[in-house]
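Report on the structure given below.
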Amino acid sequence: MKVKDPVCGMVIESTTAAAHGTYGSETVYFCSVACQASYDQKHHRSA
Ligand SMILES: [Zn+2]
């Protein structure tokens, strides 16, 4: 499944994403742990 990293806008494959997390009921995928760290500053991670 192709997904979009909401931080940098890069389109990535969910199975090869460097990082992912659950925010509310939504799973968000990232190209790198740095992008996830940035996202975490503005969004509460559930797990
Ligand atoms: Zn990114």
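Among the residues of the range 24-37, the one identified as over 10 Å from the mean Cα position of the chain (by Cα) and hydroxyl-bearing (Ser, Thr, Tyr) is SER25. Scanning the range 17-47 for residues being within 15 Å of the ligand (Cβ to nearest atom), part of a strand (DSSP E or B), β-branched (Val, Ile, Thr) and more than 10 Å from VAL7 (Cβ to Cβ) gives a total of 0. The one condition from (1) more than 8 Å from the ligand (Cβ to nearest atom); (2) not in a helix (DSSP H, G or I) that GLY9 does not meet is (1).
Just so you know, all these numbers are worked out from the coordinates, no wet-lab data involved. Since the structure is predicted, the reported quantities are computational estimates derived from the model, not experimental observations. All Cβ positions, glycine included, derive from the backbone under ideal geometry; neighbour counts span all protein chains shown.
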